[in-house]
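A.B. asks: Have a look at this one.
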Amino acid sequence: MDSVEKGKAALISGIETDARAEVEKIIAEAEKKAAEKRQYAEKKIESILNEARQKAAEQAEAAKRKILSGAELEAKRRSMHLRDAAVHDILDLAEKKLNGMIGSADYGSVLVGWITEAAIGLDAESAQINASEKERALINDQLLSEAADRIHAQTGKRIKLTLSDAQPLKSQGVVLTAADGRTAFNNQVKTRMLRKQREIRTVIYNALFGDSRKD
């Protein structure tokens, strides 16, 4: 009887031992899987965070480039505005200074130069000269003769110059019209400035800004 009881007790003890071992095995496997899942989750989180950091850095860099590009464009726009304003003011002052020279002792030679330039550009045998009312008062036979002599000296051609009977010009400078009335050369101050605008701007930019940019 005792041996039977002992056998039962040994069997139960063995079952309990096997059961505990199985439980411990299951628990160990569960803990292992849990640890693996935690490790995977941590790596996934780190990967997501790294990707987010990279995207944030790229977006920040793109935003930085956009801001810098915008700032550069704005600086260029303001610089161009300041340059254009400076050129406009200087041209306006030059025009006013030229207008203020009318009636001065040296203005006759200025008119001779403009008439000569226009006559050479017109390239006609005879031409009529028109100018503003104040300037017309200065255009006499002596001035016309001087202009004709200068034209001959520069081109070897003789041209007949006369004062036009047309209404005086409203702005400063001269306009020469061929005798047939078909062609004319406008050498008024505003037209001269437009014609030589590129050269004038180059000189102004070099003087004020140290370069020859015009745009």
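A.B. asks: Which ³J(HN,Hα) values in Hz, rounded to whole numbers, follow from the phi angles of region 113-127 under the Karplus curve 6.51 cos²θ - 1.76 cosθ + 1.60, where θ = phi - 60° and Gly and Pro get x?
C.D. replies: In residue order, the calculated couplings are x, 5, 5, 4, 4, 5, 5, 5, x, 6, 6, 10, 6, 8, 8 Hz.
A.B. asks: Non-local amide H neighbours of residue 173 (under 5 Å, H modeled in plane, Pro and chain starts lacking H): which ones?
C.D. replies: Residues meeting the amide H criterion: 132, 189.
A.B. asks: Pairs of alpha-carbon atoms within less than 8 angstrom and 6+ residues apart define the contacts here; what relative contact order does the chain have, in percent? Could you put the intermediate results ahead of the total?
C.D. replies: Values: 172 pairs, mean separation 35.6, N = 215.
Relative contact order for the chain comes out at 17 percent.
A.B. asks: Using all alpha carbons of the chain, what is the percent of pairwise distances in each 5 Å bin, ordered from the shortest bin to the longest?
C.D. replies: Result returned by the calculation: 1, 6, 9, 9, 8, 7, 5, 5, 4, 3, 3, 3, 3, 2, 3, 2, 2, 2, 2, 2, 2, 2, 2, 2, 2, 2, 2, 1, 1, 1, 1, 0, 0.
A.B. asks: Setting aside same-chain residues fewer than 8 positions from residue 32, which lysines have a Cα under 19 Å from its Cα?
C.D. replies: In chain and number order, the partners are 43, 44.
A.B. asks: Quick check for me: using +1 on Lys/Arg Cβ and -1 on Asp/Glu Cβ, what's the dipole size of the chain about its Cα centre, in debye to the nearest 20? Provide the component values of the computation, followed by the final result.
C.D. replies: On the way: 37 positive and 34 negative charges, 84 e Å.
The dipole of the chain has a size of about 400 debye.
A.B. asks: What's the center-to-center distance, using Cα atoms, between region 157-181 and region 135-153 in Å?
C.D. replies: 12
A.B. asks: Also, I was wondering about something else. Determine the equivalent ellipsoid of region 102-199 by diagonalising the alpha-carbon gyration tensor, then write out the semi-axes as square roots of 5 times the eigenvalues, largest first, rounded to whole Å. Show your work: numbers first, answer last.
C.D. replies: On the way: eigenvalues 63, 50, 43 Å².
Calculated on Cα positions only, the semi-axes equal 18, 16, 15 Å.
A.B. asks: Distances over 26 Å make up what percent of all Cα-Cα pairs in region 1-125?
C.D. replies: 73
A.B. asks: Quick one: which residues, 5+ away or cross-chain, put their amide H under 5 Å from the amide H of residue 164? H built at 1.01 Å from N.
C.D. replies: Here 129, 130 satisfy the definition.
A.B. asks: Just to be sure I follow: if Rg is taken over the C-alpha atoms of region 21-76 and Rh is the Kirkwood radius over the same atoms, what is Rg/Rh?
C.D. replies: Details: Rg = 23.8 Å, Rh = 15.0 Å.
Ratio of gyration radius to Kirkwood radius: 1.58.
A.B. asks: Normalised by the number of residues in region 109-175, what is the relative contact order in percent for Cα pairs under 8 Å and 6+ residues apart?
C.D. replies: Once divided by the residue count of region 109-175, the mean separation gives 49 percent.
A.B. asks: In addition: Is it possible to state the helix-based mean residue ellipticity at 222 nm for the chain, with each DSSP H run of 4+ residues giving -39500 (n - 2.57), the sum divided by total residues, to the nearest 500 deg cm²/dmol? What is it? Don't jump to the answer; show the numbers that get you there.
C.D. replies: Numbers: 6 runs with 155 residues, N = 215.
Calculated at 222 nm, the ellipticity per residue is -25500 deg cm²/dmol.
A.B. asks: In whole Hz, what ³J(HN,Hα) sequence does region 154-161 give by Karplus (6.51, -1.76, 1.60; θ = phi - 60°), x for Gly and Pro?
C.D. replies: Taking θ as phi minus 60°, the curve returns 8, 10, x, 9, 9, 10, 8, 10 Hz for region 154-161.
Read the figures in this text as sums done on the coordinates, not as results from a lab. Model, not experiment: these values are computed from the prediction. Note that each Cβ is placed from the backbone with ideal geometry, even for glycine, and that neighbours are counted across all protein chains shown.
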